[in-house]
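Written out below as structure tokens is the structure these notes cover.
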Amino acid sequence: MALHLNLYHEIHRQAQRERRDPVKLAGLGGVLFLVFLVIWFSYRLSVVNGIERKRNELRIAWSRLEPQMNKAVEDESRLLSQQKSNQALVERIHERFYWAPLLDQCAAVTPPQIQMLTLTGDLETDKENHKTINLLIRGVAAGAQPRTAAEDYRHAIRDRLEGLYKEVSVVFDANSLEDGAENVTYHGQTLGTATFRIRVQFTPKSAR
């Protein structure tokens with residue numbers, strides 16, 4: 001039977017005691033904790049550096065965009081003012097009165113025995129933006145009964161405009177319907193004449 005002697009058992013025991021020494025274990029734990037702190041500090045430092053870098057990038061971007069923003073604010077005020085002016089102009093265009101259709105209506109009811117000498121008109125607008133159209137028609141009527149022809153013409157104008165406008169008034173000016181001094185020849189007949197002034201007043205239906 002072989003005999004083995006361990007001459008280093010004391011040395012081995014001492015090494016085991018040293019490995020189990022609380023002070024040494026605490027020191028090892030402290031080193032590990034310091035390593036953890038270093039790693040955590042490095043991580044937080046990288047996060048902070050990233051935030052700082054992002055902040056610097058935002059500052060640079062803001063320094064470029066701020067002048068554009070200020071200019072946009074100025075342009076907005078100018079464009080809003082221009083838009084209001086354009087809107088007012090558009091409203092005026094939509095609400096304006098067209099004279100051509102009115103003249104067409106007057107011409108459509110003017111018979112051959114009526115000669116229109118002058119036609120003048122104006123548009124009045126009050127403080128509440130209510131519009132009133134005023135016309136003055138000067139003309140000569142011819143016929144066997146020229147005064148009757150002028151009266152029929154007045155009625156024809158009134159009947160035509162009442163279907164198109166509001167508050168239509170078609171009247172002769174005071175003492176304006178008078179016998180004319182001259183006769184005319186129409187279709188081989190000699191006809192008497194009468195002069196007249198017809199005053200027309202109405203309100204466009206589109207007026208507020």
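What follows draws every value from the coordinates through simple rules; no lab data is involved. Since the structure is predicted, the reported quantities are computational estimates derived from the model, not experimental observations. Using ideal geometry, Cβ is built from the backbone for each residue, glycine included, and neighbour counts are taken over all protein chains shown.
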Checklist entry - From the backbone phi of the stretch 159-169, what are the Karplus-calculated ³J(HN,Hα) couplings (6.51 cos²θ - 1.76 cosθ + 1.60, θ = phi - 60°) in whole Hz, Gly and Pro given as x? => result 4, 5, 6, 5, x, 10, 10, 10, 6, 7, 10
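Full extension from residue 97 to residue 179: what is 0.36 nm times the residue separation minus their Cα-Cα distance, to one decimal in nm? Show your work: numbers first, answer last.
Details: separation 82, 0.36 × 82 = 29.52 nm, distance 3.51 nm.
Fully extending the segment from residue 97 to residue 179 adds 26.0 nm.
Would you order 133, 60 from fewest to most other beta-carbon atoms within 10 Å of each residue's own beta-carbon?
Ranking 133, 60 by Cβ neighbours within 10 Å, fewest first, gives 60, 133.
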Checklist entry - Which of the lysines could a cross-linker bridge to residue 71, judged by Cα under 28 Å and excluding same-chain residues fewer than eight apart? => result 54, 84
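What is the order of 179, 152, fewest Cβ neighbours within 10 Å to most?
Values: 179 10, 152 17.
Arranged by neighbour count, lowest to highest, 179, 152 become 179, 152.
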Checklist entry - In whole Hz, what ³J(HN,Hα) sequence does the stretch 143-157 give by Karplus (6.51, -1.76, 1.60; θ = phi - 60°), x for Gly and Pro? => result x, 5, 10, x, 5, 5, 4, 5, 5, 4, 5, 4, 5, 5, 5
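If you take the beta carbon distance between residue 35 and residue 56 as r and set R0 to 45 Å, what does 1/(1 + (r/R0)^6) give as a FRET efficiency, to the nearest 0.05? The partial results should precede the final answer.
On the way: r = 31 Å, r/R0 = 0.70.
The computed FRET efficiency comes out at 0.90.
With Cβ to Cβ distances under 11 Å as the rule, what net charge do the other residues near residue 72 carry (K, R +1; D, E -1)? Provide the component values of the computation, followed by the final result.
Details: positive: 71, 78; negative: 66, 74, 75, 76.
Local net charge: -2.
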Checklist entry - ³J(HN,Hα) across the stretch 68-85 via Karplus (A = 6.51, B = -1.76, C = 1.60, θ = phi - 60°), whole Hz, x for Gly/Pro? => result 5, 5, 4, 5, 5, 5, 5, 5, 4, 4, 5, 5, 5, 5, 5, 5, 4, 5
Checklist entry - For the stretch 94-136, what is the charge dipole size about the Cα centre, in debye to the nearest 20, if Lys and Arg each add +1 at the Cβ and Asp and Glu each add -1 at the Cβ? => result 100 debye
Item to check | Förster radius 45 Å - calculated FRET efficiency between residue 134 and residue 74 (Cβ-Cβ, nearest 0.05) | outcome: 0.45
